[in-house]
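Below is one structure, written out as structure tokens; the observations come after it.
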Amino acid sequence: MAEKKSLGKEFTKGLIKENPVLRLVLGTCPTLAVTTSVTNAIGMGVAATIVLVCSNIVISLLRKVIPSKVRIPAYIVVIAAFVTIVQMLVKAFVPALDTALGAFLPLIVVNCIILGRAEAFASKNTVLYSAVDGLGMGVGFTAALCMMGTVREILGAGTFLAGIQDLLVLFGDNVFGGWNGLDFNNALSTIGLQPITIFILPAGGFFVFGILMATANRIAEGRGKPKAELGCTSCPMAGHCNKNKDEKCEGTDKEATA
Amino acid sequence: MKKLTVSASPHVRSPKTVPGIMLDVIIALVPALIASVVLFGFRSLLVTAVCVVSCIASEYIARKIMKRDNTIGDLSAIVTGMLLAFNLPVSIPLWMCVVGSVFAIVVVKQFFGGIGQNFVNPAIGGRIMMLVSFASAMTDWTAPLEWFKNGGIDAMSTATPLASLTANGDYSSLPSLLDMFLGVRGGCLGETCALALILGGIYLVARRVIKPVIPLCFIGTVAVIMLIAGKGDFEFMLYEVLSGGLLIGAIFMATDYATSPLTTKGKIIFAVGCGVITSVIRLFANLPEGVSYSIIIMNILVPHIESITRPRPFGAEKEKKEKKKEEAAS
């Protein structure tokens with residue numbers, strides 16, 4: 001890597017500059033599917049973050065042991081192990097979240113963000129950096145999900161943080177006096193309004209997604225500034241890319257191209 | 001002696017301008033607006049006004065925020081507002097009109113670069129968004145001329161003829177064909193009066209704003225398919241053609257410049273596609289009406305239609321030969 005790495009930088013790049021959802025456009029499927037409510041978004045984000053940090057640590061530890069030809073199956077096994085653990089924990093302690101997320105919880109195994117970070121970052125960097133990268137990406141993922149969830153839930157269902165007690169059950173019964181989110185529906189109907197249903201449907205999800213992506217691009221690049229380079233480390237195809245062969249790519253994994 | 005002016009081509013310019021064309025479209029929509037006031041009362045004027053004003057306002061604000069030059073002078077926002085209003089039932093809450101107008105202008109039009117860049121017809125985009133979001137309010141049809149009889153106190157709900165229309169069935173519960181033609185039926189406020197819409201269409205064709213290819217092929221395709229589906233039931237075919245939003249869709253929405261093909265061949269493919277999708281949705285799908293969906297689907301396919309119907313410049317070789325030559329050379 002040309003520029004010097006710092007832990008702070010590795011963490012903050014996941015928030016906006018290389019936000020996995022809004023800038024790298026990874027993990028789109030769970031993003032669109034679970035962001036119908038903020039509660040689900042938080043649950044999904046936290047679960048994925050835990051898996052991401054753990055798998056990044058283990059894959060970084062094993063990066064010299066795993067032969068490059070079978071690295072994808074090896075990564076999947078590691079990721080699947082952590083997903084299974086997380087799924088069992090969720091089933092045991094937050095059963096409502098398990099029902100709400102349904103198939104998307106086990107599908108974290110094939111979440112592009114986790115496999116992408118394993119392939120692009122953890123397999124080339126030390127354990128501490130990989131853990132911080134995983135945490136930053138996870139927080140960025142969760143933040144993006146929460147933003148989408150907030151817009152979609154308020155506009156589409158007229159609620160905010162509905163069913164939050166399903167998550168708070170982790171910390172005991174009736175935390176915050178059993179506060180279970182806001183419901184604007186009654187207030188809305190008294191003034192003759194109603195939620196705009198399209199926002200909790202997939203089509204509305206895409207609209208919100210596109211607008212948030214545009215906003216993130218604006219913040220990351222600004223007007224007049226040169227376009228920010230995402231760099232090969234953030235590219236999930238880096239191992240197979242032609243750029244690698246011409247050695248134009250930073251952080252080239254020579255074994256991968258051999 | 002006259003001074004010679006040296007300038008780059010084009011030297012001959014068409015007198016047609018965007019505001020001029022849009023003004024023609026607005027004039028062509030006026031008969032339908034008058035008909036809607038007669039049929040559904042003065043609230044239809046209010047709905048139209050709200051849509052037009054919020055379209056203009058959102059176009060102005062969106063352009064201002066994006067720091068682009070202002071385009072409300074080209075009148076296209078007024079056309080979008082009128083068309084959107086004509087696709088709404090008269091009883092629609094006014095705030096929903098505002099939401100739909102903002103969506104049509106900001107999301108469908110301005111996010112993609114403004115006039116000429118919109119990927120689908122803005123009015124149809126707004127209508128479909130409203131139909132998905134506010135299903136019950138969007139299908140609450142008011143019986144025609146009731147405002148007149150009851151003094152405008154109570155609006156009576158009714159079904160659109162499309163909902164109860166089946167081939168070779170009993171048409172006695174439906175309005176007569178003459179009523180259908182004059183628009184005395186339940187429906188969106190601007191779509192019902194076939195007479196007014198056809199008048200507007202003839203005006204547009206006479207002013208050379210639109211070519212008659214798209215409307216004729218669109219309506220013709222629906223008519224032929226319905227004739228086959230109804231096993232030659234002529235009355236059924238006429239009901240299908242006159243009901244729903246087929247006429248307003250075919251004459252005013254499918255002919256939008258930005259979202260329809262340029263060549264005549266392309267226009268025919270586009271219009272026949274619209275007709276087929278409309279008929280399939282009407283005959284087989286759960287939805288009673290498919291005009292807006294058919295136009296939006298074909299709008300999205302327009303770039304592909306354009307690429308397969310690209311005209312060959314005079315004297316140019318056929319593309320296949322060129323490809324073969326290129327392959328041989330490489």
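Just so it is clear, none of the values below were taken in a lab; they were calculated from the coordinates. None of these values were measured; they are calculated from a predicted model. Every residue, glycine as well, gets a Cβ built from its backbone with ideal geometry; the counts of neighbours run over all protein chains shown.
Data overview
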read-out: Net charge of Cβ neighbours under 13 Å - reference A:Val127; Lys, Arg +1; Asp, Glu -1; value: +1
read-out: Cross-link pairs B:Lys231/B:Lys265; B:Lys211/B:Lys265; B:Lys16/B:Lys211; A:Lys64/A:Lys124; A:Lys13/B:Lys67; B:Lys231/B:Lys267 - those with Cα-Cα distance over 18 Å; value: B:Lys231/B:Lys265; A:Lys13/B:Lys67; B:Lys231/B:Lys267
read-out: Potential extension, B:Leu195-B:Ser7 segment - 0.36 nm per residue separation minus Cα distance; value: 62.9 nm
read-out: Using alpha carbons only: equivalent-ellipsoid semi-axes of chain B, gyration tensor based, whole Å; value: 36, 27, 18
read-out: Nearest-0.05 FRET efficiency for B:Phe112 and B:Lys265, computed from C-beta distance (R0 35 Å); value: 0.85
read-out: Length released on extending from B:Ser14 to B:Ile34, taking residue separation times 0.36 nm less the Cα-Cα span; value: 4.0 nm
read-out: Two-site FRET efficiency, B:Leu178 against B:Arg68, from Cβ-Cβ distance with R₀ of 60 Å, rounded to 0.05; value: 0.75
read-out: Net charge contributed by nearby residues that have their C-beta within less than 15 Å of B:Ile61 (K/R +1, D/E -1); value: +3
read-out: Tail fraction, Cα-Cα pairs, the range B:169-327, threshold 19 Å, whole percent; value: 59
read-out: Unit Cα scatterers, Debye sum, the range B:157-260: log10 I(q)/I(0) for q = 0.11, 0.19 Å⁻¹; value: -0.34, -0.95
read-out: For the range A:36-47, 3J(HN,Hα) per residue [Karplus equation, 6.51 cos²θ - 1.76 cosθ + 1.60, θ = phi - 60°, Hz, x = Gly/Pro]; value: 6, 9, 5, 4, 4, 4, 5, x, 5, x, 5, 4
read-out: In degrees, nearest ten, helix B:18-40 long axis to first principal axis of chain B (Cα); value: 10
read-out: Computed P(r) (all Cα pairs; the range A:91-151; 5 Å bins; percent); value: 4, 16, 17, 22, 20, 13, 7, 1
read-out: Total charge dipole magnitude, the range A:7-228, about the Cα centre, Cβ charges on Lys, Arg, Asp, Glu only, Debye to nearest 20; value: 1100
read-out: Mean projected area (nm²) of the alpha-carbon convex hull when the protein assembly as shown is viewed from all directions; value: 38.8
read-out: Least to most buried among B:Arg208, B:Arg13 (fewest other Cβ within 10 Å first); value: B:Arg13, B:Arg208
read-out: The range B:196-246: equivalent-ellipsoid semi-axes (sqrt of 5 x gyration tensor eigenvalues, Cα, Å); value: 25, 11, 7
read-out: Placed amide H near B:Trp141: partners under 5 Å, 5+ positions off or other chain; value: B:Thr158
read-out: Added length on full extension, which subtracts the Cα-Cα distance from 0.36 nm per residue, A:Leu170 to A:Ile219; value: 14.1 nm
read-out: Estimated FRET transfer efficiency (B:Val132, A:Leu61; beta-carbon r; R0 60 Å; 0.05); value: 0.75
read-out: Neighbour-count order for B:Cys55, A:Cys54, A:Cys146, fewest beta carbons within 10 angstrom listed first; value: A:Cys146, A:Cys54, B:Cys55
read-out: Distance (nanometres) between label positions extended 7 Å along Cα→Cβ at A:Thr12 and B:Phe314; value: 6.4
read-out: Helix-only mean residue ellipticity at 222 nm for chain B, each DSSP H run of n ≥ 4 adding -39500 (n - 2.57), per residue, nearest 500; value: -17500 deg cm²/dmol
read-out: On Cα atoms only, tilt of B:213-229 relative to the major axis of chain B in degrees; value: 50
read-out: Degrees, to the nearest 10: B:264-284 long Cα axis against longest axis of chain B; value: 30
read-out: Per residue, the convex hull volume that the Cα atoms of the range A:7-228 enclose (Å³); value: 140
read-out: Fewest-first sequence of B:Val52, B:Val120 by Cβ atoms within 10 Å of each Cβ; value: B:Val52, B:Val120
